[in-house]
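See structure below.
No lab work stands behind these numbers, since they all come straight from the coordinates. Small disclaimer: the values here were computed from a predicted structure and weren't measured. Quick reminder, even Gly has a Cβ in these numbers, built from the backbone with ideal geometry, and neighbours come from all protein chains shown.
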Amino acid sequence: MKRAGRRSVVFAEYMLWFLMTAVIIMVAVLVYDKVSEATDSRAVIALVIIAVICALAGLLTALDALRRRYMTGLPVRKITDATERIAAGDFSVRIAPARALEAYNGYGEIMDNVNAMAEELGKTSVLNKDFISNVSHEFKTPLSVICTYAYAIADGRLTDEETRSYARTLAETASRLSSLTTNILRLNRMEHQPPPEFRPTDIGESLRRSVIAFEDAAEEKGVALECDVCDGAVALSDEGLLELIWNNLLSNAVKFTPRGGMVRVTLAQRGGEIVAEISDSGCGMNEGVGEHIFDKFYQGDTSHASEGNGLGLALVKKAIDLLGCVIDVESSPGEGSTFRVRFAACDRERVSL
Ligand SMILES: Nc1ncnc2c1ncn2[C@@H]1O[C@H](COP(=O)(O)OP(=O)(O)OP(=O)(O)O)[C@@H](O)[C@H]1O
Ligand SMILES: [Mg+2]
């Protein structure tokens, strides 16, 4: 019920209260007239008036009790039952839509809010369960690899060459586990961190640094890395979060582009907007995959599943939200992908870096 509607209900309740009092006074006056015509005894008149007032008050109190039962008692009972079940961990509870009388006094709104709260808690609980089972799954495979290889080395029956190869696998698997742990901790920290302290940041400078850091990886894979970044694009931002965004987008672009392909990085300022684009000529993705790429642990391209855990873009999305900028993706299978990040530019003349 809207605030104006609630005010008129409160007003009607007050009116009802004063009307009932007025009715009792009126009836008392009428009874006094009638009884004083029939008798002169003050005691009898007083007794009759008291009796009539008591009877009327009793009747009106009974009516008011009925009103309270339907307008207050029932909705409060429903809300209490539901919140008790929610407190006990049952998020499937929903209060049936309020009937006309129950919806007065804002109870209808409280019921809707309790339902929305239960739904939200239910979703969070499912997400938590999924998160735990995903984390366990991601840890289980490398741990079993480590166990098998470590026992094989401990047996002492391997050749020197085999031992070196097993030890290398152990080191790589352990380092993947370590980066998985780092990403989970980072994601958790970012989910609870307050908004960052924004500083005027040269976006081009930060993007260039990340591109340089990826040159070796791209060359090793035989992927051409092109960079065309404008100067002087300044936005209020956070260096650490920017680095995280560029590193994950570049790592994906190189990872999902086959040998002989190309990754192109551009940065341009159009009026008040700075647009960074990271495009690749890689495997691309279909719409179904595109819808989930920012979900935690989602990996659309199973052929590269062992090269990550599906946390990179979840981190990127969190960083984008913290920075208040926007990311969008254009991609089609076999034709590559373009990730575009947009920032609001700030006036270079008026800020000092
Ligand atoms: N440039 C890209 N080209 C094609 N598919 C992509 C690209 N970037 C992301 N994807 C798809 O999105 C999924 C999620 O990406 P994300 O970076 O979160 O995970 P990942 O790279 O598989 O693992 P991690 O980042 O943890 O190493 C990828 O598995 C892939 O299917
Ligand atoms: Mg990634």
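Brief remarks on what is shown
- Peptide packing for 170-179, 268-277, 126-135, 201-210 was compared via the average number of neighbouring C-beta atoms within 10 Å per residue; ordered from the highest value, the list is 201-210, 268-277, 170-179, 126-135.
- With a cut-off of 13 Å between beta carbons, the residues surrounding VAL145 carry a summed charge of +1, where Lys and Arg count +1 and Asp and Glu -1.
- Taking every lysine pair in the chain that is 8 or more places apart or spans two chains, those with Cα atoms closer than 24 Å amount to 17.
- Residue-count net charge about LEU101 - beta-carbon cut-off 13 Å; Lys, Arg +1, Asp, Glu -1: +3
- For the peptides 220-227, 154-161, 55-62, the ranking by mean Cβ contacts within 10 Å, running from highest to lowest, is 220-227, 55-62, 154-161.
- 15 Å beta-carbon shell around TYR70, net charge (K/R +1, D/E -1): +3
- Per-residue [θ]222 nm for the chain (sum of -39500 (n - 2.57) over DSSP H runs n ≥ 4, rounded to 500): -21000 deg cm²/dmol
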